[in-house]
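**Student:** Shown below is the structure under consideration.
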Amino acid sequence: YLCHGRARGFSRRAYTQIHWPQIWSEDSYSYLVAKKLGLRFVYCDSASVLYRSPQTLNDHVRQSVRFLRTKSTLARFFAPREITKAYAIPLTIFAAEALAGFFVNPLKSAAYLAIYGYCQLRALKVNRNSDAHLWDTSASTKTLNPKPSELI
């Protein structure tokens with residue numbers, strides 16, 4: 001759940017052994033390769049990263065389509081079982097969080113489900129052999145305005 005493209009750090013051993021193909025899901029790729037090479041993955045809770053989520057629906061859709069296409073992109077390099085295991089969220093955790101979110105804010109939950117469904121449809125329409133355009137960053141996330149307390 002913790003290996004994502006916002007920030008990662010690699011040991012010398014890891015970055016000299018991992019060779020990235022030209023794909024946009026290099027965060028997931030590096031995680032799966034590291035596991036295959038027997039390298040450990042650890043979370044560093046003292047690290048601080050400034051990140052801004054997409055601020056427009058269009059940017060959110062672009063990001064979501066990239067995320068949804070990740071598994072099919074990784075299928076070129078890893079067995080389906082490895083990918084499924086890496087992305088699996090236990091049903092009890094998923095159901096508990098989904099229900100809690102729905103009861104806290106049913107309108108936002110319904111809107112999220114509608115947007116997610118739309119993103120799923122868009123991901124199906126993406127040309128499976130054309131990953132290049134998905135490297136584009138979301139324009140609305142280019143400017144970060146951190147609070148002074150976040151700069152520590």
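The values are calculated or read from the model by the stated rules, or taken from the named source; none is laboratory data. What you see is a predicted model, and the numbers here were worked out from it, not measured in a lab. All Cβ positions, even for glycine, are placed from backbone atoms using ideal geometry, and neighbour counts span all protein chains on display. Quick note on the areas: whole protein, heavy atoms, side chains included, nothing else; ligands and nucleic acids left out. Shrake-Rupley method; radii C 1.70, N 1.55, O 1.52, S 1.80 Å.
**Student:** So in the range 85-99, with the set limited to residues that are surrounded by 11 or more Cβ atoms within 10 Å (Cβ to Cβ) and either among the acidic types (Asp, Glu) or free of Cβ contacts under 8 Å to residues at least 24 places away in the same chain (or both), which one is nearest to SER28 (Cα to Cα)? I'd like the intermediate steps shown before the answer.
**Tutor:** First, pick out the residues of the range 85-99 that are surrounded by 11 or more Cβ atoms within 10 Å (Cβ to Cβ): 85-87, 94-99.
Filter once more, keeping what is either among the acidic types (Asp, Glu) or free of Cβ contacts under 8 Å to residues at least 24 places away in the same chain (or both): 85, 87, 94-99.
Details: LYS85: 12, TYR87: 10, PHE94: 20, ALA95: 24, ALA96: 25, GLU97: 23, ALA98: 24, LEU99: 28 Å.
In this case the residue turns out to be TYR87.
**Student:** Here's something else I'd like to know. Condition test on ARG6, is it open to solvent by 30 Å² or more (accessible area, probe 1.4 Å) and closer than 26 Å to TYR118 by Cα? Quick ask: steps written out before the conclusion?
**Tutor:** Numbers: open to solvent by 30 Å² or more (accessible area, probe 1.4 Å): yes; closer than 26 Å to TYR118 by Cα: yes.
For ARG6, the condition - open to solvent by 30 Å² or more (accessible area, probe 1.4 Å) and closer than 26 Å to TYR118 by Cα - is met.
**Student:** Follow-up. Working only within the range 94-143, note down all residues that are at pLDDT below 90 and not in a helix (DSSP H, G or I).
**Tutor:** Result: VAL126, ASN127, ARG128, ASN129, SER130, ASP131, ASP136, THR137, SER138, LYS142, THR143.
**Student:** With the requirement that a residue be out of contact with any Lys or Arg (no Cβ under 9 Å at 6 or more places or on another chain) and modelled with pLDDT of 90 or more, what does the range 61-79 give you?
**Tutor:** Of everything in the range 61-79, those that are out of contact with any Lys or Arg (no Cβ under 9 Å at 6 or more places or on another chain) and modelled with pLDDT of 90 or more turn out to be LEU74, ALA75, ARG76, PHE77, ALA79.
**Student:** Have a look at LEU57, LEU32, LEU39 and point out the one that is open to solvent by 70 Å² or more (accessible area, probe 1.4 Å), out of contact with any Lys or Arg (no Cβ under 6 Å at 6 or more places or on another chain) and among the aliphatic types (A, V, I, L, M).
**Tutor:** Values: LEU32 fails: open to solvent by 70 Å² or more (accessible area, probe 1.4 Å); LEU39 fails: open to solvent by 70 Å² or more (accessible area, probe 1.4 Å).
Answer to the check: LEU57.
**Student:** Give me the pairs: first residue in the range 1-30 and farther than 18 Å from SER48 by Cα, second residue open to solvent by 70 Å² or more (accessible area, probe 1.4 Å) and at pLDDT below 85, beta-carbon distance under 6 Å, and six or more apart or on different chains, which are they?
**Tutor:** Every condition considered, the pairs that remain are TRP24/TRP135; GLU26/TRP20.
**Student:** Scan the range 60-84 for residues that are open to solvent by 40 Å² or more (accessible area, probe 1.4 Å) and small (Gly, Ala, Ser) and jot them down.
**Tutor:** SER72, ALA75, ALA79
**Student:** Next question. Which of (1) of a type outside the set (Ser, Thr, Tyr); (2) within 24 Å of SER109 (Cα to Cα); (3) exposed (fewer than 12 other Cβ atoms within 10 Å of the Cβ) does ARG12 not meet, given it meets every other one?
**Tutor:** (2)
**Student:** Quick one: what pairs do we get from the range 55-77, first residue over 17 Å from SER30 (Cβ atoms), second basic (Lys, Arg) and surrounded by 14 or more Cβ atoms within 10 Å (Cβ to Cβ), C-beta under 6 Å, 6+ apart or different chains?
**Tutor:** Every condition considered, the pairs that remain are VAL65/ARG122.
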